[in-house]
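Shown next, in structure tokens, is the structure this report addresses.
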């Protein structure tokens, strides 16, 4: 039977009882295809004394081939493909008598003991040679240039190869990455058929040929990591993506304009680069230009004519001092990244004419003390969505910059600004405002009503927060856009100078934000429940026949489809907000629930804590959880543990002795995993809430662990059941109080 088998494939590392000490396939005279695999993470290794192969083989693939050569009796005259990756083969894979005249493909990649290429001079049909990662290989035979059918030559990571022979005339793919070559033969540079050429990480490559480059590379040409390459005169003319990152080039030659099809140039981490040619503006197809971490680059060239396709310009971590006024010619620019340009001092007014710009980053520009005023003649940053000014030295921000209706994110963290223009309330789409550690800001004006994330922690001089934000929120209630998984965070922790009116304003706004999110979440589910019904069609027929526990599981599945939502508000303070209907001293509270508490308009519980800092140098994270215990009139009970997200808990130091924290979570968040049906909650008459630390402090010393537990104390807690029926009363109260 074995004599007629044409093909065999097996993974020897997965066959425990397989003995390959002497593998004899010689009598399988019809065997043409043999593949021996090996699992990547298997610890089994093959020990083989001898191997016999049939002369009929045309395909042999043996992963981790254990012998140093092919069997001496084997005549490979019919062999077309030979794959021996990660093998033990050494200097001589076959003898002179073994003729591989029909061989077309050979792969010996990762054969670490291979010191020389096996003799392929008679294998004139060879099309593909893969010797990648053969670390002991030191040279390529000169006869390779005579292999006219060779189209693929892989030498990547052959770290000891220093020179190359002339290349065969029909080669199309050439991988020389991570080799030790110092220069390319002119036959490579002038080759007209090479279309895929990888020469990245050739750290010893000092120069490219000065002759004309005829390479047919039309995609990416990468010299990334060629740390010794300091100049070149010509590059493949059809290149679309040019990667020169981490090279030693000092200037980009003016011949770059000949690469008319370039869409991207990456010059990142070219530590010696000092300038770009002015004719770079002639690259009419260029879309991305990256100069990040070019530490000697000081002057961006004048843009002498409009560049209609450049969308992204990255100048981060360069030594640039100013932007040219001609930057206005980047008429389609969408992103300008200047973060950590520590020498940048001047930004031209013309930047406000970049009407398509949606991303502008000045983070870490420590010498930038002033932004130009927005003139009436400026077109305006009509598309700007994200503005980053973290750690800039600016003292004020122009009116016309914060009122943009397109603005979604504004980061002024750790700046020296003293105030924010009142016009910011016009930024209708602003959802993220970061003012962390703005030590000089003293007041906040009315803010846009749809802020999703307001981070003002560490504003130690902040005294006043406008009350008009609550009024705007109530008046524009119906414009609120909800989406599943939405989280709102307003963080005023470590703002010890906040006056009592401002603290009241913040907590009044907290009530509105929570009710707005809760009602919008409830309404959204009602409107969308039918859209999700197709997920549960298979459950519908049996739904009425299942027990109530399964019904709760179905509701939980629906919530998984919609996602979860939450609100978190915190500020310095000593009292639970007065709108909390149930308040108590200490870390626990018990409340009586009215008979209809779990009705259809129940929106969940708002939770609040007053935290006291017991030590000046707290060593733990301020993480808390809540343990809910629901009890029915007949004595049944159910307990749920729920962690309370605190975004300011990690790496923060409180500047005040007391903080007030307020949370709301979707009701399904509370009930998740409760293993109780809806019917159970309708019978609940009493609920208790106990707040506790989530102890994530890692220490091998018990005494340090005890110290962790005493850093913070829950002085007060509060619970407020929320109902949709109360929304209009709250809105009217806010609007009437504003007059």
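Observations, loosely collected:
- Residue match in segment 677-693 (condition: in contact with a strand residue (DSSP E or B) (Cβ under 9 Å, 6 or more places away or on another chain), in a loop (DSSP other than H, G, I, E, B), modelled with pLDDT of 65 or more and surrounded by 15 or more Cβ atoms within 10 Å (Cβ to Cβ)): no
- One residue from 132, 156 being modelled with pLDDT of 95 or more, closer than 22 Å to residue 80 by Cα, out of contact with any helix residue (DSSP H, G or I) (no Cβ under 8 Å at 6 or more places or on another chain) and assigned to a loop (DSSP other than H, G, I, E, B): 132
- Among the residues of segment 79-94, those identified as touching a strand residue (DSSP E or B) at 6+ places or on another chain (Cβ under 6 Å) and surrounded by 20 or more Cβ atoms within 10 Å (Cβ to Cβ) are 82, 84.
- Members of segment 408-422 that are buried (at least 16 other Cβ atoms within 10 Å of the Cβ) and either part of a loop (DSSP other than H, G, I, E, B) or in contact with a helix residue (DSSP H, G or I) (Cβ under 6 Å, 6 or more places away or on another chain) (or both): 408, 412, 413, 414, 415, 416, 417, 420, 421
- Qualifying residue in segment 575-582 (condition: within 18 Å of residue 658 (Cα to Cα), out of contact with any strand residue (DSSP E or B) (no Cβ under 9 Å at 6 or more places or on another chain) and part of a loop (DSSP other than H, G, I, E, B)): yes
- Residue count for segment 56-78 satisfying the condition of being assigned to a loop (DSSP other than H, G, I, E, B), more than 18 Å from residue 109 (Cβ to Cβ) and either modelled with pLDDT of 90 or more or touching a strand residue (DSSP E or B) at 6+ places or on another chain (Cβ under 8 Å) (or both): 7.
- For residue 93, the stated conditions hold: it is in a loop (DSSP other than H, G, I, E, B), modelled with pLDDT of 90 or more and closer than 16 Å to residue 107 by Cα.
- The sole residue among 345, 287, 305 that is in contact with a strand residue (DSSP E or B) (Cβ under 9 Å, 6 or more places away or on another chain) and more than 21 Å from residue 267 (Cα to Cα) is 345.
- Picking from residues in segment 424-451 that are within 16 Å of residue 387 (Cβ to Cβ) and surrounded by fewer than 17 Cβ atoms within 10 Å (Cβ to Cβ), the one that is farthest from the chain's Cα centre (by Cα) is 426.
- For the residues 212, 187, 233, the requirement of being free of Cβ contacts under 8 Å to residues at least 24 places away in the same chain, more than 35 Å from the chain's Cα centre (by Cα) and not in a strand (DSSP E or B) singles out 212.
- Failed criterion for residue 345 (all others in (1) modelled with pLDDT under 95; (2) over 30 Å from the mean Cα position of the chain (by Cα) hold): (1)
- Against the criterion of being in a loop (DSSP other than H, G, I, E, B), touching a residue at least 12 places away in the same chain (Cβ under 8 Å) and in contact with a helix residue (DSSP H, G or I) (Cβ under 8 Å, 6 or more places away or on another chain), residue 379 qualifies.
- Of all residues in segment 557-565, one or more are in contact with a strand residue (DSSP E or B) (Cβ under 8 Å, 6 or more places away or on another chain) and at pLDDT 60 or above.
Results for (1) touching a residue at least 60 places away in the same chain (Cβ under 8 Å); (2) crowded, with 20+ Cβ neighbours inside 10 Å; (3) more than 19 Å from residue 11 (Cβ to Cβ), shown as yes or no for each residue.
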| site | (1), (2), (3) |
| --- | --- |
| 60 | no, yes, no |
| 67 | no, no, no |
| 70 | no, yes, yes |
| 96 | no, no, yes |
| 103 | no, yes, yes |
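- Residues of segment 465-518 satisfying the condition of being in a loop (DSSP other than H, G, I, E, B), surrounded by fewer than 20 Cβ atoms within 10 Å (Cβ to Cβ) and touching a strand residue (DSSP E or B) at 6+ places or on another chain (Cβ under 7 Å): 466, 496, 499
- Within the span defined as segment 471-485, every residue fails to be under 20 Å from residue 442 (Cα atoms), in contact with a helix residue (DSSP H, G or I) (Cβ under 6 Å, 6 or more places away or on another chain) and modelled with pLDDT of 80 or more.
- The residue pairs whose first member lies in segment 720-737 and is closer than 12 Å to residue 512 by Cβ, whose second member is at pLDDT below 75 and surrounded by fewer than 16 Cβ atoms within 10 Å (Cβ to Cβ), and whose beta carbons are closer than 7 Å, counting only pairs six or more residues apart or on different chains, are 735/475.
- Against the criterion of being in a loop (DSSP other than H, G, I, E, B) and either under 23 Å from residue 188 (Cβ atoms) or touching a residue at least 24 places away in the same chain (Cβ under 8 Å) (or both), residue 145 does not qualify.
- Of the strands (runs of 3 or more DSSP E) lying entirely inside segment 264-356, those carrying at least 2 residues that are under 26 Å from residue 390 (Cα atoms) and in contact (Cβ under 8 Å) with a residue 24 or more places away in the chain are 288-290, 312-314, 335-337.
- Among the conditions (1) assigned to a loop (DSSP other than H, G, I, E, B); (2) in contact (Cβ under 8 Å) with a residue 24 or more places away in the chain, the only one that residue 428 does not satisfy is (2).
- Test: residue in segment 270-280 that is over 30 Å from residue 202 (Cβ atoms), at pLDDT below 95 and buried (at least 21 other Cβ atoms within 10 Å of the Cβ): no
- Residue list for segment 108-119, filter: more than 16 Å from residue 174 (Cβ to Cβ) and crowded, with 18+ Cβ neighbours inside 10 Å: 108, 110, 111, 114, 118
- Test: residue 82 is within 23 Å of residue 139 (Cα to Cα), modelled with pLDDT of 95 or more and assigned to a loop (DSSP other than H, G, I, E, B): no
- Residue ID - surrounded by the fewest Cβ atoms within 10 Å (Cβ to Cβ), chosen from residues in segment 240-263 that are part of a loop (DSSP other than H, G, I, E, B) and touching a helix residue (DSSP H, G or I) at 6+ places or on another chain (Cβ under 9 Å): 260
The values are calculated or read from the model by the stated rules, or taken from the named source; none is laboratory data. Quick caveat, the model's predicted, so the values are computed rather than measured. As a convention, Cβ positions derive from the backbone with ideal geometry for all residues, glycine included, and neighbour counts pool all protein chains shown.
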